[in-house]
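Enquirer: Before we start, here is the structure in question, set down as structure tokens.
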Amino acid sequence: MVSGTCWMKVPSAIRFSLTGKPQKWVGGKDIILYIIGMIGVDGACYQSMEFIGEGIKHLSMDDRFTMANMTVEAGAKNGIFPVDDVTVRYIKQRAAKEYAVYKADEDAEYRNSYHIDLSAIRPTVALPHLPENIRAIDEIGDIRIDQVVIGSCTNGRTEDMRITAQILKGRKTAKGMRLIIIPATQNIYLTALKEGWIETFIRAGAVVSTPTCGPCLGGHMGILAKGEKTVATTNRNFVGRMGHPESEIYLASPAVAAATAIAGRIVNPEDVEGGL
Amino acid sequence: MKIRGTAFKYGDNVDTDVIIPARHLNSSDHEELSKHCMEDIDKCFSDKVKEGDFIVAGSNFGCGSSREHAPIAIKAAGISCVIAYSFARIFYRNAINIGLPILECKEAVKNIDYGDELAVDISEGIIKNITKSQTYYACPLPRFIQEMISAGGLVNRIKTKFNSK
């Protein structure tokens, strides 16, 4: 800002063509974990990840933000979506100034192109200690969990809070479970308060924090002890990230995380819905 | 800029949480950070590392959190250059912006072992392995980036520029 210039290494691009409609309880987090599992944590090293295709119309802005946020976990410089009706509705509520729409060139070159059928993606979990280490929820087995964290820049948005409330409503966390819910911003916190979600969280046995990075990087509020396991909606699960180097982090969506808090082990939200 | 030192070799995906664990981020003192550099993957690193030594690693070095403390800790520990197969994007920018030299070189990473003696010409991208009598060639960073690194990073370069006006 001081000099008026900024150095930049121009990234090459990878294109992901998304088709189909995601299953119930599958959102941006599951899709991006699935993609990172497919290309690896350095699969897009210093590249731009572009998401296109008719499938994106099923993705809310919050889903798209989660996906763009986590492209970094594939080594990418950025993750971008074309502007569509969903984007325009979002911008119109927020933009104080005139905005411009930029599109990829018709003849843009891509280093790689992938096709992804969103309807085939199951709720997805990344096992310790890399975000690429993914399993579909159906292949998880019996993994007991000590703590669930729902929040962060990756999944602390309004829709994440709504889904969490939907699953927690009228239910209680498992015995011994620590459930920590952290709305990502003061505005999201206020929305959760007005909608009654905060009360739902607390009645279910959660603690609710003011917006903070907190446990995501082992900062405070939910630091893991030796041997403890957490399901977190955060972005990375490296060794020692959330506390003791011998603790374990499982990355998942708010839906899977909330269901896990009820069950005490990693489960499909459908299982909680159907009664455990 | 030719430098001689010992190689500390690591694998792929060395993340910023192991380069400098978050439990030590309550300090921004460079010396203090350097004491804990790499401690979760190599407990002996800070005791063994000497001024001028090198870190040699696989792909995606510096992945994870965008913490400039990571390249700062490495630099403060005395490391003169990180040589990797590839760097994660945020670390790549942070390293250059705080003035830590980096080189990408597949051949070097393939052949260098922990403890090898190296002599590196950072500005030309020439990596000599004295222990194994081999030479590897990395694509050197562009001149203006090298100037920024030599100036001690982006902020220092801008300060120098404005002061000289």
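Just so it is clear, none of the values below were taken in a lab; they were calculated from the coordinates. What you see is a predicted model, and the numbers here were worked out from it, not measured in a lab. Reconstructed Cβ throughout: ideal geometry from the backbone, glycine too, with neighbour counts over all protein chains shown.
Enquirer: Go ahead and set up a Gaussian network model of chain A, Cα springs under 10 Å, then flag whichever of A:Ala261, A:Ala126, A:Ala225 fluctuates most.
Expert: Checking each option, the largest mean-square fluctuation is seen for A:Ala225.
Enquirer: Just give me a number: lysine pairs in the stretch A:23-170, eight or more positions apart or cross-chain, with C-alpha atoms less than 22 Å apart.
Expert: 9
Enquirer: Using Cα-Cα distances under 8 Å and only pairs 6 or more residues apart, what relative contact order does chain A have, in percent?
Expert: 20
Enquirer: Shifting gears a bit: What is the stretch A:107-162's relative contact order, in percent, from Cα pairs under 8 angstrom and six or more apart in sequence?
Expert: Across the stretch A:107-162, relative contact order equals 18 percent.
Enquirer: Could you please state, rounded to a whole Å, how far the C-alpha centre of the stretch A:210-276 is from the C-alpha centre of the stretch A:181-206?
Expert: Each part's Cα centre sits 18 Å from the other's.
Enquirer: Hand me the tally of lysine pairs in the stretch B:87-165: alpha carbons under 17 angstrom apart, and the pair either on different chains or 8 or more positions apart.
Expert: So the count of such lysine pairs works out to 4.
Enquirer: Moving to a separate point now. If I stretch the segment between A:Tyr114 and A:Leu193 completely, what's the gain in nm (0.36 nm per residue apart, minus their alpha carbon distance), one decimal?
Expert: 24.4 nm
Enquirer: From Cα pairs below 8 angstrom and at least 6 apart in sequence, can you work out the relative contact order of chain B, rounded to a whole percent?
Expert: 23
Enquirer: Compute the Cα gyration tensor for the stretch A:125-276, then decide on rounded, prolate or oblate, letting a ≥ b ≥ c be the square roots of its eigenvalues: rounded whenever a/c is under 1.5, prolate when a/b is larger than b/c in the other cases, and oblate in all that remain.
Expert: oblate
Enquirer: What is the Cα centroid distance between the stretch A:55-97 and the stretch B:62-126, reported in whole angstrom?
Expert: So the separation of the two Cα centres works out to 33 Å.
Enquirer: Under the rule of at least 5 residues apart or a separate chain, name every residue whose amide H is placed under 5 Å from the amide H of A:Ala13.
Expert: Amide H neighbours of A:Ala13: A:Ser48, A:Arg111.
Enquirer: Cross-link candidates for A:Lys175: which lysines have Cα within less than 22 Å, leaving aside residues fewer than 8 places away along the same chain?
Expert: The reachable lysines, counting only those whose Cα sits under 22 Å from A:Lys175, are A:Lys226, A:Lys229.
Enquirer: For the pair A:Asn78 and B:Glu31, what calculated FRET efficiency results from E = 1/(1 + (r/R0)^6), where r is the Cβ-Cβ distance and R0 = 30 Å, to the nearest 0.05?
Expert: For R0 = 30 Å, the calculated efficiency reads 0.30.
Enquirer: I need the shape label for chain B. Rule: rounded when a/c is under 1.5, else prolate if a/b > b/c, else oblate, with a, b, c from the alpha carbon gyration tensor.
Expert: It is oblate, given that a/c is not under 1.5 and a/b is not larger than b/c.
Enquirer: Which of the three applies to the stretch A:18-167, rounded, prolate or oblate, going by the alpha-carbon gyration tensor with a ≥ b ≥ c and a/c under 1.5 meaning rounded?
Expert: oblate
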